[in-house]
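As structure tokens, the structure follows; a few thoughts come after it.
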Amino acid sequence: MKFSPLTGGEMQGGVLSLKELKQIIKMKYNKYLLFLFTVALLASCKKPTLFEKVSSSYSGVTFNNEVVENDSINPLDKLNIYNGGGVGIGDFNNDGLQDIFLVGNQVPCRLYLNKGNMKFDDVTKEAGVGGLGGWGRGWQLWT
């Protein structure tokens, strides 16, 4: 005695009926269709990005606010040790392009002048704004 995979009942003569065969084909077709629809839906969900990554070798911005912990500089003694120093964006040389000022905690501050097309020049030494070696905690730009 053989049983039908669809109805669970006994098959007539051990052969699927035409109706049962059509149902099996329809179920397999629907599974493939559902799979293809899911893949297409997920592929279409990719949103356009607002930002794109620019390498430091291209931009010229190589600032790294590295913090080295020791017995007196650590999260227990300086609660906000990893909050960073600050970032300032403004047109410092009045050329119409937004320049970048980055505040360092244990490293010197950096001033990068925008040359256009996402390329920047480090003019920290020329401008004399590297800092005095203290712990930088922020900054404010008045325009």
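The values are calculated or read from the model by the stated rules, or taken from the named source; none is laboratory data. Keep in mind that what you see is a predicted model, and the values were worked out from it rather than measured. For neighbour counting, all protein chains shown are included, and Cβ atoms are generated from backbone atoms with ideal geometry for every residue, glycine included. Heads up: the accessible areas ignore ligands, DNA and RNA and are worked out on the full protein's heavy atoms, side chains in. Shrake-Rupley method; radii C 1.70, N 1.55, O 1.52, S 1.80 Å.
Scanning residues 5 or more positions from K115 or on other chains, those with amide H under 5 Å from its amide H are F120, D121, with H placed 1.01 Å from N in the peptide plane. Would you be so kind as to identify which of G84, Q106, L141 lies farthest towards the positive end of the dipole of the chain, taking Lys and Arg as +1 and Asp and Glu as -1 on Cβ and the Cα centre as origin? Farthest along the dipole direction, towards plus: G84. Phi angles across the stretch 51-64 convert, under the Karplus curve 6.51 cos²θ - 1.76 cosθ + 1.60 with θ = phi - 60°, into 3J(HN,Hα) values of 10, 9, 6, 10, 6, 5, 5, 7, 6, x, 8, 10, 4, 9 Hz, Gly and Pro given as x.
In the chain, taking the dipole from charged Cβ atoms about the Cα centre, the farthest positive-side position among L97, L34, G128 is held by L34. Label separation (K115 vs S72): 4.0 nm, computed from points 7 Å beyond Cα along the C-beta direction.
Just how large is the dipole of the stretch 102-143 about the Cα centre, in debye to the nearest 20, putting +1 at every Lys and Arg Cβ and -1 at every Asp and Glu Cβ?
Values: 5 positive and 3 negative charges, 16 e Å.
The calculation lands at about 80 debye.
Listed by chain and number, the lysines placed with their C-alpha closer than 21 angstrom to that of K119 are K53; residues fewer than eight positions away on the same chain are left out.
Accessible area per residue, 1.4 Å probe, Å², for the chain: what's the number?
Working: 11440 Å² over 143 residues.
Each residue of the chain exposes 80 Å² on average to a 1.4 Å probe.
Pair-distance distribution P(r) for the chain, from all Cα-Cα distances in 10 Å bins starting at 0: 9, 22, 16, 11, 8, 7, 8, 12, 6, 1 percent. Annotation: aspartates and glutamates with alpha-carbon distance below 12 angstrom to K78 (same-chain offsets under eight excluded): E69. The portion of the accessible surface of the stretch 24-135 made up by carbon and sulfur, rounded to a whole percent, is 60 (1.4 Å probe; DNA, RNA and ligands excluded).
Under 28 Å of direct C-alpha separation, and excluding same-chain neighbours fewer than eight residues apart, K46 reaches these lysines: K31. The phi torsions of the stretch 70-87, fed into the Karplus equation with coefficients 6.51, -1.76 and 1.60 and a -60° offset, translate into couplings of 8, 5, 10, 10, 7, x, 6, 8, 10, 4, 9, 4, 9, 6, x, x, x, 9 Hz, rounded to whole numbers, with Gly and Pro shown as x.
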